[in-house]
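What follows is one structure encoded as structure tokens, with my remarks underneath.
The values are calculated or read from the model by the stated rules, or taken from the named source; none is laboratory data. All values derive from a computational prediction rather than experimental measurement. Heads up, the Cβs are rebuilt from the backbone with ideal geometry, glycines too, and the neighbour counts pull from every protein chain shown. All accessible areas refer to the heavy atoms of the entire protein, side chains included, with ligands and DNA or RNA removed. Shrake-Rupley method; radii C 1.70, N 1.55, O 1.52, S 1.80 Å.
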Amino acid sequence: MATAHGEKVLKYLEENGTASSLKLAELWNEDHQKIVGTVKSLLCLGEVIEADLQSSALWDLTEEGKQVAKDGSHEAQVFNAIPPAGSTQAEIVAKVTEVNSKFTKDMAKVGFSKAMSLGWIVVDKSSGAPKFIKKVTSIQDKVQEHLKELATGKDTLTNELRTEYKKRKLIQEIIIKSYLMKPGPSFSTSVTKQETDLTPEMIASGSWKTKEFKAYNLNALGTPIPRGHLHPLMKVRAEFRQIFLEMGFTEMPTNNFVESSFWNFDALFQPQQHPARDAHDTFFLSDPSTATNIPVDYMERVKKVHSHGGYGSQGYGYDWKIEEAQKNLLRTHTTAVSARMLYALAEGGFKPAKYFSIDRVFRNETLDATHLAEFHQIEGVIADYGLTLGNLIGVLYEFFRKLGIEKLRFKPAYNPYTEPSMEIFSYHPGLKKWVEIGNSGIFRPEMLLPMGLPEDVSVLAWGLSLERPTMIKYGYDNIRDLVGPKVNIQMVADNPLCRLDKHRGSEMKETDDLQDLENRMDSIMTRLRGIETEVKKLKRQGKTTEEKLTLVIEADPKYPPRSIQTLVRLLVARGDARTIVTVHQHSSLASACPTDLMQWPNLTVSDGSRIDNQCNLTWIWKPIGRHPIVKIVNRPNGDIHGEAAIARLLARILESWTDCAMYENFDSSICSQIDDWLDTWEGCIQSGDSKFLMLIRRIQNQLGHPDGRKWLVGPLPGVKSLADIFLSNLLGDKLNTLNCGRKLARFSPVKGI
């Protein structure tokens, strides 16, 4: 900062209180940017001044607009170039260009269009060749007038005209940033240069005590260090490579871009007539055109399995030619490298191995936004004894989980050298659809056994491209912006590091699980509120009306719900209302139900018909699995699923129709204990015998309590609680199977009814 300019600004502030940098530039006839630099220098002195950055917009002429203001609008120039007798378009353009050398074809196109839309000129075709003639004798060039006014600083344009002239690139909006200044707390009209360094001389003389030092800007960025940058493909490649290494894979050597057709096709059991081996799909070499270093014994075995079959295969049955196998080409996939590695593994004595490769392959593709003639292939291979399709799916889930992808689907596919083969699909949240992300399969015996691998060895393989995830990661929709001669080199330096969202999938899964749980809880609470409303209605109706209750219970004969049967018997035996139960078997059952299941409701006898009964219950045996279903006919609250939930419903009905207490007629603490036991049993159903044994031990501890209690929840007068009825009927065969001891002898499906 020049000291004179700084002091000049400070004196102006002292006299006037405030100042605008734009006003000072105009007042002193100085360049505005020079005044702005002075203000920034004053701000560095501390609190000498305060300045607010302001933005203002103004409209100014473009270079083309300045030309129009000088020579007239494009349409006016076209009009003025037309002679009285008219002329062709080419002649008119040539005449305008002769007068104005900067008049271009694009300007002429705009000029003719505007002149015709304004009604100044018209096309005359009466004389054969079309020519333009004037439709009016004189015109007013308002465009030129408007631009001249704007050039003098007078802006009278309407929003419509401003939009039109901007579209025609005659005017442009300029944003001007200026400072509004006022004196600061440490205001002074004299400028003292602040020191930037503490020198040894200052320390020795003590002059540092009276010096003013410039504050350090700790937020300032350092000077960028000149260095090389990794291409985005290489950044993503490094992440994939790290994932493979974390999973214990070994990287294969992939530095041979040139392969023989033998390793690229024949060794993979791909027939020599396959379309992929045509010149329009593959790049073949002219020099050297053939390879000679193919293992002879192995080649003979490959020839035999292609021509005549073997190893349980009938082969392709054609005349295999060594000339085709020896042709050199640019490899079309890195699976050729995998074939070499597996052959070497068999030759050296087989040991389980895991290989991976990430490198370039070449195909004679038509170039477009998603295809190039060369691209990168990611490939994983696992060789071990007894591997199955389940192992492949498990490995794929783990591999893609490390990429943050957990929603996978697999679709059967065909590959010449894998069987079975699967295409891999992942759900794309942005596109809201399933997209293909790779291919996979198990190498065929016709490929592995000629190599000399043991018969019980299986090899899993999968592959995907490197370009597609890179394009998604960095937001490219055209692969030619990522690779090729049109790539912006600055893009390589500007793109950030690649950090694949390896744990995003787990977080998303946790979020999805929480959302599912929340939705389920909302649904359960809605149903419970509906059940509570229905029970209240039933209690009122039981005392005042004879409105009927119709229930339909569906249960699987493989998992008979004994506790529900017990509660139904109690409903019939103890209910004051008339109740009848009928039992049916569904036609979808593979075999007839046992007699005891069809005749179990032998206590449910009613003297009246179904029309006279207050409660009609239809029991249907149906193959629906472990969880029975109850439907309340003519009720809008939906079905109720699960043995515990149905038991709660029947207990509420019993309590509303009788004076017994087994569930909600107790206080809230006992109700909570009952619910806890019922929920524990539901957990056992989901988890199997391991949880069931824990339940048995809990029951033993409860019944072995020092207070000598006889029931799980209590002591209770009269009937047992719903927990005791429910569990005593459900334990059944489990007691004998698991040998739980005498303490549980009182619990049987018969007692307590």
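Of the accessible area of the range 8-140, computed with a 1.4 Å probe over protein heavy atoms only, carbon and sulfur atoms account for 51 percent. Here's the list of aspartates and glutamates a cross-link from residue 407 could span, going by alpha-carbon distance under 17 Å and ignoring same-chain residues fewer than 8 apart: 398, 423, 436, 501, 507, 510, 512, 513, 516. The packing ranking of peptides 247-258, 463-474, highest mean first, is 463-474, 247-258, where packing means the average number of other beta carbon atoms within 10 angstrom of each residue.
Between residue 584 and residues 5 or more places away or on another chain, which pairs have amide H atoms under 5 Å apart, with H built 1.01 Å from N, and which residues are they? Those lying under 5 Å, H to H, from residue 584 are 619, 620, 621. Once both labels are positioned 7 Å from their Cα atoms along Cα-to-Cβ, the gap between residue 595 and residue 176 label points is 10.7 nm. Residue pairs exceeding 23 angstrom between C-alpha atoms, taken from 66/114; 105/169; 235/433; 95/135: 235/433.
With 21 Å as the limit on Cα-Cα distance, the pairs of 70/177; 8/154; 34/182 that go past it are 70/177; 8/154. Dividing the convex hull volume of the alpha-carbon atoms in the range 166-265 by its residue count gives 462 Å³ per residue. Protection proxy ranking for 133-144, 215-226, 34-45, using the average of other Cβ atoms within 10 Å per residue and placing the highest first: 34-45, 133-144, 215-226. If you take the Cα centroid of the range 298-332 and the Cα centroid of the range 2-32, the two points sit 89 Å apart. Converting phi to 3J(HN,Hα) with the Karplus coefficients 6.51, -1.76 and 1.60 and the offset θ = phi - 60°, the range 93-103 yields 4, 5, 5, 5, 5, 5, 7, 10, 5, 8, 6 Hz in sequence order, with x at every glycine or proline. Around the amide H of residue 122, modelled in the peptide plane, lie the amide H atoms of 133, 135, all under 5 Å away and 5 or more residues distant in sequence or on another chain.
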